[in-house]
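All remarks here apply to the structure that follows.
The values are calculated or read from the model by the stated rules, or taken from the named source; none is laboratory data. This one's a predicted model, so the numbers in the text were calculated from it and none came from an experiment. Note that we place each Cβ from the backbone using ideal geometry, even for glycine, and neighbour counts take in every protein chain shown. Keep in mind that these areas ignore ligands, DNA and RNA; they rest on the heavy atoms of the full protein, side chains included. Shrake-Rupley method; radii C 1.70, N 1.55, O 1.52, S 1.80 Å.
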Amino acid sequence: QVQLVESGGGLVQAGGSLRLSCTASGRTFSGYAMAWFRQAPGKEREFVATISWSGVRTDYVDSVKGRFTISRDNAKNTVILQMNSLKPEDTAVYYCARAKAGYYGSSLDEYDYWGQGTQVSVSS
């Protein structure tokens, strides 16, 4: 079983930065793509960013390109989402997810393990 635990959320003013961390338990981390999703109140959960198992390949939703950076440290079973130039529309619960074996993408159904989420609130 894999457990994912997110941390680093909080309240920040527009233009500020936050750094989200996701730590995975177990040995099955380094061979899988990882991703961050988010869900705002009353909206569907949406893809934010993903990173390949090696860390070489990354992809982002258009709305965060140039502001967010995803990275990973396989030795520490950790994936990071650095969020800069935050906007009020970035307010959401952010979830870390592990991809199914062999998958890499932006669809919810490509991920089989999820964290409990961490709240990010951006004030204007």
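For N74 and S123, compute 0.36 nm times the residue count separating them, minus their Cα-Cα distance, and round to one decimal in nm.
Taking N74 through S123 to full extension adds about 14.3 nm, to one decimal.
Got the relative contact order for the stretch 33-124 handy, in percent, Cα pairs under 8 Å and 6 or more residues apart?
30
Could you do me a favour and compute the accessible area per residue for the chain, 1.4 Å probe, result in Å²?
51
Expressed as a rounded percentage, what relative contact order does the stretch 2-85 have, with Cα pairs under 8 Å and six or more residues apart?
31
Report, to the nearest whole %, how much of the accessible area of the chain belongs to carbon and sulfur atoms, 1.4 Å probe, protein only.
Carbon with sulfur: 47 percent of the solvent-accessible area.
Under 29 Å Cα to Cα from K43, which lysines show up? Leave out anything in the same chain fewer than 8 places away.
K65, K87, K100
Assign unit charges at the C-beta atoms only (+1 for Lys and Arg, -1 for Asp and Glu), then state the dipole size of the chain relative to its Cα centre in Debye, rounded to the nearest 20.
Here the size comes out at about 300 debye.
If I model a spin label as a point 7 Å beyond the Cα along the Cα-Cβ vector, how far apart are those points for S52 and A101 in nm?
2.0
Put +1 on the Cβ of each Lys and Arg and -1 on the Cβ of each Asp and Glu in the chain; which of T69, A40, Y111 then has its Cα farthest toward the positive end of the dipole?
Positive-most Cα among the choices belongs to T69.
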